[in-house]
1. Using a 10 angstrom cutoff on alpha carbons, build the Gaussian network for chain A and name the most mobile of A:ASP178, A:ASP12, A:ASP110.
2. Let me check I've understood the local charge: for B:PHE230, count other residues with C-beta under 15 angstrom from its C-beta, Lys and Arg +1, Asp and Glu -1. What total comes out?
3. Considering only Cα-Cα distances, which of the following residue pairs are longer than 20 Å: B:LYS27/B:LYS563; B:LYS67/B:LYS399; B:LYS325/B:LYS536; B:LYS399/B:LYS536; A:LYS53/A:LYS192?
4. Might you report the magnitude of the Cβ-based charge dipole of chain A about its Cα centre, with Lys and Arg at +1 and Asp and Glu at -1, to the nearest 20 debye?
5. Sort all Cα-Cα distances of the protein assembly as shown into consecutive 20 angstrom bins from zero, then give the percent of pairs in each bin up to the one containing the longest distance.
6. Would you list A:VAL115, A:VAL81 from fewest to most Cβ contacts within 10 Å?
7. Using just the helices of chain A, give the 222 nm mean residue ellipticity in deg cm²/dmol: DSSP H runs with n ≥ 4 each add -39,500 (n - 2.57), and the total is spread over all residues, rounded to 500.
8. Under 1.5 on a/c is rounded, so check that first for the range B:356-463, then, if it is not, pick prolate when a/b is larger than b/c and oblate when it is not; a ≥ b ≥ c are the square roots of the alpha carbon gyration tensor eigenvalues.
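Every read-out reported here was derived from the displayed coordinates using simple, explicitly stated rules and does not represent laboratory data. Note that the structure is a prediction, hence the values are computed from the model and not measured. Virtual Cβ from ideal backbone geometry, glycine too; neighbours counted across all protein chains shown.
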Amino acid sequence: PHFIIELPDQNDALCFNIDHKPGTIFNLVRDPPTGIVVNGQIIGDKKIIPGNKMHTYFGRFGIVNEKFGIRLMVSTKEILVSERGKHANFSWTNNKTLEGLNMDLQVIKDRSLTVTLRNSVKFLIILHKIWKMHPYHQDYLGFYTLDSHLFSSNVHGLLGQFYHGVNFEVSDLFPGKDPDKQDANMFVKGNKLTVTRGWKRDFRQDVKNGEKVPCWFIHNNGTGLLDGVHTDYIVSGLF
Amino acid sequence: LSQIEVQSMRVDCKVASRFAHTVMTTKALNTANASQEVFFEVDLPKTAFITNFSIEIEGRIYVSEVKEKEQARQQYESAVSSGLTAGLVKASGRNMETFSVSVNIAPQSRVTFTLTYEELLQRRLGSYEIMIGVRPKQLVQNFEIVVDIYEPNGIAFVDVNGTFITNELLPLVKKTVTDKKAHVYFSPTLDQQKTCSDCEETLVDGDLFIRYDVNHPQDIGEIQIINGYFVHFFAPDDLPQMPKNVVFVIDRSGSMEGEKMKQTREALMTILSELHEDDYFGLVTFDDTIESWRPFLSKATPENVTEAKEFVKTIEARHMTDINKGLLFAVDMLTTEKSHSFPDMSMIILLTDGRPSSGQRDLSKIQENVQNAINGSMSLFCLGFGYDVDYSLLDTLAKQNDGLARRVYEASDAALQLQGFYDEVATPLLLEVNLNYPGNAVTDLTQSHFRQFFKGSEIVVAGRLQELETNTFQTEVSANGLGDQFVFEGVAIAEEWDSVFPDQEYIFGDFIERLWAYLTIQQLLDKREKCSPEDKENTTAQALDLSLRYNFVTPLTSMVVTKPETEDEDETLIADKLTEDQREDTTEPDLSALYAPPQKAGSVYQVQGLKPQNLISSYFVDGD
């Protein structure tokens, strides 16, 4: 999956990929004081395009709010909600709005799910539908944090560690390995990294084509930008 | 120019199911110790829509943007009024347009130009044609043309031809054809490009033509479904030919005098010889008076044809032009003769060079009169001679009456062009062709009813599937053939393209969707010509929306090209799609390059991270 950290007050963005064995579950957000946890399980392509390397995407997310006893499992096939022992099942194929005491859900048919947890956070999950007969690709999900300001200062995870900003400096550009892109040195979290100027896509407005977000790309699964390494974020289950 | 080294020039053309996507890339280096102007000039087919253009200079990319035409014009209005204009797209020859731009390059700097365009290849006289203009104007270190054709129904043949200065280069074209794929590769070395061993001039100067055809199923046709869109090709050639009634309406006004009249006579002599014996025909000549060879249609027997040829020899140019009366006379002739003993298919072929100068001269009135008289009962084909022809009148007349217009260029082969056009419509195989898709599986269909189908051509219908998951749907084709009506029914099934073309990522992308968009835009643009003023607004809006959505430079949009001019200023130019009217005069630049207010280059590479305060940050994870 492509991770994008937009920092509008710096008018810039950081991005990195995390690739690992399909089936691996990563922790994206963990905030013990609010009891919110978001984990995501990655899937691969149906098969690898000859000559290319395996790409991975998120195929399932598990969202937990321990305080309210909420568990939400979102996959490319279905959306399962449980709240203090009560269960409900939603499909991506219909528009649906659910306003609960502690959580609001809004499903836009075959497109997106907005999750609002009362007095805490708002997430958007985008369904990328792929033609079923596509020989290589399959449906996958995108995860966008729409509102994170109520998270505690202890929030962590692959995304969560950036919710309260990150300090970095970038040196002048210089020619990189890829003749079509420029590299630079980035100083971040005490590390000096070689980063590449590139762009990733934000699919919130246009789920098909996305909108290009220029960003500094951090190589090797975000090593040096992340606290620890990406494998430190592997967890055993969605919940 | 000698100090500009063209390091590489690559034309990469991919065709899948007749939809061609071509990327032309040129890389050049300024070896001089001073700044120099580098020119990028390429030819593209006039049926193509430009979709992208970029200039990359020393790592910085200047990307162009497709905008609504009026919006782009208004943006640069002040520049227009100050007269700062130049052409980015110009008509070039009969079938091509030239896109050209130049940029000032610093000493020892590199520049890369990349132009992308797309088109749906049309089947004419039994083949599709890919045209690639090849004019590098100097020797190129790495010169490559790579064409890959993917046709899931099988390729019948591929022919490669070129109009280079000499034919020495043609044997260098490598062609590989397997069942469903064809690969054409042309990459002459520096030595092979030279006109002589010590020369610096290049032999590579001309057009490369690749003609091919596919295997055409004779029942419901060929249907491709990919990513929620489909395209349906229908071209059954193995059908008996239908006889037709045809009236040639020949302009013999004063402006036809000389070469045009001579060429018309020559062409008619050949066309008459090739009439099928079951056809009925008539000859109507007009200036400000109307005369016909015979007041009634004649069967194309050898005797009648011989007599008609004698009449053709006597046609002389004189007087004024009354197109209205000439056409109404022909309609009347065909209508009067319509009975059981005559064929069902009737057509008028109008040959004219000029604007009406006698009788009814109000163009909209002429269109109205002709459309009312024809009333959907026959087709009108128009051939326009000369650069001063009022082509839009002919184009509209033809489109309003199920026909098409073609320009006949006043060159030595005008007679051949005329004959070639006639050959395209000489052999009708079907009438009233309907491609139906029962049920609710498909939506956003392009035109699915066609008044006639000619041998060697192809009917194309595209549409969107209601559900992405739909991989089968009902299809029904009905038409009137020789004898009686026939109906074919079948089920369209998405093919496992993976097994057909396992290595190609391109074909699993959005090309059928873009094909659909291209065809829809073309048809909406045509529809504008014949619909009411109220509908015109809506039709234009739809065509514009699609042009912008798919980044096509159509007659409704402009591509704003940004290029660096000086250290502080970027220059903005505009590339437009030519209309037939604009192509009339190929000697004048047609369109404007408009100078925008200076823009500051804005790159910030030093940043200091801060905690987000009131600003909304985004943290997300996704794939692309």
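1. Comparing A:ASP178, A:ASP12, A:ASP110 in a Gaussian network model of chain A, the most mobile one is A:ASP178.
2. Combined, the nearby Lys, Arg, Asp and Glu give -4.
3. In this structure, B:LYS67/B:LYS399; B:LYS325/B:LYS536; A:LYS53/A:LYS192 lie more than 20 Å apart at Cα.
4. Roughly 860 debye for chain A.
5. That works out to 13, 38, 34, 13, 3, 0, in percent per bin.
6. Final ranking by Cβ density, sparse to dense: A:VAL81, A:VAL115.
7. 0 deg cm²/dmol
8. Taking the square roots of the gyration eigenvalues as a ≥ b ≥ c, the range B:356-463 is oblate.
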